[in-house]
1. Please compute the modelled spin-label separation between residue 365 and residue 127, points set 7 Å along Cα→Cβ, answer in nm with one decimal.
2. Straight-line reach from residue 110: which lysines have a Cα under 27 Å away, not including same-chain ones fewer than 8 places off?
3. If you take the beta carbon distance between residue 314 and residue 179 as r and set R0 to 22 Å, what does 1/(1 + (r/R0)^6) give as a FRET efficiency, to the nearest 0.05?
4. Whose amide H sits under 5 Å from the amide H of residue 351, counting only residues 5 or more places off or on another chain, with H placed in the peptide plane?
5. In whole Å, how far is the Cα centre of the stretch 240-293 from that of the stretch 188-224?
6. Per residue of the stretch 283-291, in order, report the coupling 6.51 cos²θ - 1.76 cosθ + 1.60 (Karplus, θ = phi - 60°) as ³J(HN,Hα) in whole Hz, putting x for Gly and Pro.
7. Where a ≥ b ≥ c are the square roots of the eigenvalues of the C-alpha gyration tensor, would you call the stretch 158-266 rounded, which needs a/c under 1.5, or, failing that, prolate if a/b is larger than b/c, or oblate?
8. For residue 329 and residue 253 in one chain, what is 0.36 nm times their gap in residues minus the Cα-Cα distance, to one decimal in nm?
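All of the numbers you see were taken from the coordinates with simple rules; none came from a lab. This one's a predicted model, so the numbers in the text were calculated from it and none came from an experiment. FYI the Cβ positions are ideal-geometry reconstructions off the backbone, even for glycines, and counts take in every protein chain you see.
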Amino acid sequence: MILLLLLALVIPSDGLFSLPLRKMKSLRQIMREKGLPLPERSAAKYTATPGAPVPISIHNFQDAQYYGAVEVGSQKQSFNVIYDTGSSNLWIPAKNCSNCGVKPKFDTSKSHSYVADGREFKIVYGSGPVSGYLAQDTVTLGNTGVTKQTMALVTDVSGLGAAFTIGHFAGILGLAWQSISVDNITTVFRNMVDQGKADPVFSVYLSDTPGKDGELLLGGINKNHYTGDIVYVPLSSRTYWQVALDGFNIKGQSVTKVKNAVIDTGTSLLAGPTSEIKAIAKLAGATPFIKGEYLIPCSQKTSGINFDFIIGGKTFTLTPTDYIIPDETICLFGMVGIDIPPPHGPLWILGDPFIRAWYSVFDLKEGRMGFAKAK
């Protein structure tokens, strides 16, 4: 069965470069870990210009997890992380993590740029808590290093449960606003912008087919990943990437009373109030499964109903192909009930099914979201 990542938010021009999201270790990473000499990069895949963009493929695991490498420390120890627009902190496993299993762990003794901090760290996601301690080091994204970045080295990941144990990631890099950063730590992207290493915008293209490449582009927008014009909408809150939700309609009828929505790469499904999801699932022909999830006949991919989200006066439609997730002979309904309490909730979380359909631009400078139909 598909392993879903449902973090459901954390609770409390020039300089463009791409980030790698991949399913497994690269050959170069394996050779680096074994101390072997690295082969020259192919000019067909990598630019030879110092400081220029480095486009690296992004991998989609079962339409349920999107993740990629970040390198930490002077020896660039590599970790696959979820690039999560629903939280704002960076964490990776500490060497003494008690329940991180076989996941890679950060060895501070191998980094000359490591600076101890010592403060305790705890973050609570919708799925549960993660804890450890704070530290500082260089964080490398693509070919660009962000210096003196405060991050967390975690010693307990029990709050993430099976999503971490058998997931394809070993940490989380938050891309939301500093206002919700635990301990008010400056975010990686904010530091990147302040250090003059990226423009204050990033964009996300999530592939719509497992195994097909996608892209997270920090510092700009890739016109190759969308059609038509980008529609910009001001944020209703600079906490999450939150916009006013004018409406959510099915066949012209409203199905929600919620007034705000969050664009969240860290949530595998669409999520809304439990009572509304129950009614929408019934309309769509889905039946209850486990833990608030629903199954839906795979035949609905061709004959099911559309979902119309109205944002900034424009309708963004999801077809059944967008929100039905196949897994061999069964199909998962791409919605789950999550009741987010005030002051942040109630909210609709427009997770990966929405972003797969609509190329998403996160504009830090202007405080707005942009959407265009993904190719």
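1. 3.5 nm
2. In chain and number order, the partners are 23, 25, 34, 76, 95, 122, 148, 197.
3. 0.25
4. Close amide H contacts, sequence-distant or interchain: 264, 270, 271.
5. Between the Cα centre of the stretch 240-293 and that of the stretch 188-224, the gap is 26 Å.
6. 4, 7, x, 8, 10, x, 10, 9, 6
7. It comes out rounded by the Cα gyration axes.
8. 24.2 nm
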